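A.B. asks: Quick one: this structure, given as structure tokens, is what I'll be asking you about.
The values are calculated or read from the model by the stated rules, or taken from the named source; none is laboratory data. As the structure is a computational prediction, the values presented were derived from the model and not from experiment. Virtual Cβ from ideal backbone geometry, glycine too; neighbours counted across all protein chains shown. To get the accessible areas, we keep the full protein, side chains included, count just its heavy atoms, and leave off ligands, DNA and RNA. Shrake-Rupley method; radii C 1.70, N 1.55, O 1.52, S 1.80 Å.
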Amino acid sequence: MRFNKLLVVAFGMIAAFTLVVSACGNDDDGSSAPTPAAQTQSGEGSEGGGSSSANADGPDVAGSVTISGSSTVEPISVRVAELFEDVQPEVEVTVDGPGTGDGFKLFCAGETDISDASRQIKDSEAADCAANGIDFVELRVGIDGIAVMTGEGNPVECVTFNDIYGLVGPESTGFGSWSDAGSLSGLDTSDLPDAGLDIYGPGEESGTFDSFIEIVLEDIADERVQDATTRPDYNANANDNVIIQGIQSSDTSFGWVGFAFAANASGVKLLDVDGGDGCVGANATTIASGEYPVSRSLYIYVNSAAAENNPAVSSYVDFYMSDEGLGTAVSDVGYVNLTEDAKASTRSNWAAR
């Protein structure tokens, strides 16, 4: 299997690593009926908790799979492809991560087989797919938290949703100090320090940006009759590592990235977050349970026609649905595995496509 990966950066909870690969491949698309052999395997996975070696005894396949989208989900799809290579070495998989929104543009134009996404598809994006005759299957593959961070020298330990809104929400344009968050009329914030505020985070092309707004800012913005968005004047970047470097550069910085990218980063402090039920730190346990208030599901979207017509795609997604995909690959790159019930639901969605 030739595996052509652009640049993949995956920070795991137990190990951080960087992959730059351009010679292995596998297939990450799965939204339509696969070949009969693959269909049998996916059906077994959906009813029996997932096979541990999908396609190991099935027919050899060859072909290519193109995957684009979320930089957060990208490491999972890459890791699945690496494991899949041992089973189907003649499949070439290309994975890149320009962002969830940019990935859906390519996917709905029919340019990719699978779209990695750190949020669910928007109605407008689904309409674009429909207009272009692209049918798809949505498959939930893992769980991630969004880490809220500052520099190591900041005395702040916990922030509320109101604090975060006051720091980076749509009414905060021009604020240069943490204490400025408390100046917004009617917003009940913590006693934040009079310290410089340098903000680093993902841009609008990122699913992390969308999820952060939806989880943290949207309800507060609606109550205050404001647009649900961030202030425009911060350091936005599509590269999670660049964001972390920015946060490292200032003791009183503020920023957010996917937890798997932040878990083992040095020179940053992960802040506890109070979403209304007290301060909770981000870790594998609190993210999996949903106790950490800034948690989200991760998805792949598979082009149904590509899965039906391309055995490489259906075979790759079959493998994604196996224990190696929904279990080993997800945990290998530092994300949180779905519960067994949630895995069964995902497998059922794939089998019923």
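A.B. asks: So how many residues does segment 261-319 have that are open to solvent by less than 10 Å² (accessible area, probe 1.4 Å), part of a helix (DSSP H, G or I) and among the aliphatic types (A, V, I, L, M)?
C.D. replies: So the answer is 6.
A.B. asks: Mind listing whichever residues of segment 227-241 are surrounded by fewer than 15 Cβ atoms within 10 Å (Cβ to Cβ) and under 20 Å from the mean Cα position of the chain (by Cα)?
C.D. replies: Hits for segment 227-241: nothing passes.
A.B. asks: Please state which of the following conditions R224 fails to meet, knowing it meets all the rest: (1) without any contact (Cβ under 8 Å) to a residue 60 or more places away in the chain; (2) open to solvent by less than 50 Å² (accessible area, probe 1.4 Å).
C.D. replies: Result: R224 fails condition (2) only.
A.B. asks: Does segment 210-221 hold any residues that are under 16 Å from the mean Cα position of the chain (by Cα) and in contact (Cβ under 8 Å) with a residue 60 or more places away in the chain, and which are they?
C.D. replies: D210, S211, F212, E214, I215
A.B. asks: Right, another one. Pull up segment 56-82, narrow it to residues that are open to solvent by less than 10 Å² (accessible area, probe 1.4 Å) and either touching a Ser or Thr at 6+ places or on another chain (Cβ under 8 Å) or of a type in the set (S, T, N, Q) (or both), then point me to the one that is modelled with the lowest pLDDT.
C.D. replies: Out of the qualifying residues, it is T72.
Per-residue answers, yes or no, for (1) in contact with a strand residue (DSSP E or B) (Cβ under 9 Å, 6 or more places away or on another chain); (2) among the β-branched types (V, I, T); (3) in contact (Cβ under 8 Å) with a residue 60 or more places away in the chain:
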position: S179; (1), (2), (3): no, no, no
position: Y200; (1), (2), (3): yes, no, no
position: D233; (1), (2), (3): yes, no, yes
position: F259; (1), (2), (3): yes, no, yes
position: A263; (1), (2), (3): yes, no, yes
position: G281; (1), (2), (3): yes, no, no
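A.B. asks: Further question on the same structure: At pLDDT below 95, out of contact with any Gly (no Cβ under 6 Å at 6 or more places or on another chain) and within 22 Å of S71 (Cα to Cα) - does that describe any residue in segment 299-318?
C.D. replies: No, segment 299-318 contains no residue that is at pLDDT below 95, out of contact with any Gly (no Cβ under 6 Å at 6 or more places or on another chain) and within 22 Å of S71 (Cα to Cα).
A.B. asks: Only one of S183, S190 is touching an Asp or Glu at 6+ places or on another chain (Cβ under 6 Å) and either of a type in the set (K, R) or modelled with pLDDT of 95 or more (or both); which?
C.D. replies: On the way: S183 fails: touching an Asp or Glu at 6+ places or on another chain (Cβ under 6 Å).
None of the other options fit; the residue is S190.
A.B. asks: Test G325 against the criterion of being modelled with pLDDT of 95 or more, open to solvent by 30 Å² or more (accessible area, probe 1.4 Å) and in contact with a helix residue (DSSP H, G or I) (Cβ under 6 Å, 6 or more places away or on another chain), and give yes or no.
C.D. replies: For G325, the condition - modelled with pLDDT of 95 or more, open to solvent by 30 Å² or more (accessible area, probe 1.4 Å) and in contact with a helix residue (DSSP H, G or I) (Cβ under 6 Å, 6 or more places away or on another chain) - is not met.
A.B. asks: Looking at segment 100-115 only, could you name the residues that are open to solvent by 10 Å² or more (accessible area, probe 1.4 Å) and not in a loop (DSSP other than H, G, I, E, B)?
C.D. replies: Of everything in segment 100-115, those that are open to solvent by 10 Å² or more (accessible area, probe 1.4 Å) and not in a loop (DSSP other than H, G, I, E, B) turn out to be G101, D102, K105, L106.
A.B. asks: Among the residues of segment 116-162, count how many are part of a strand (DSSP E or B), touching a Lys or Arg at 6+ places or on another chain (Cβ under 7 Å) and either closer than 21 Å to V65 by Cα or open to solvent by 30 Å² or more (accessible area, probe 1.4 Å) (or both).
C.D. replies: 1
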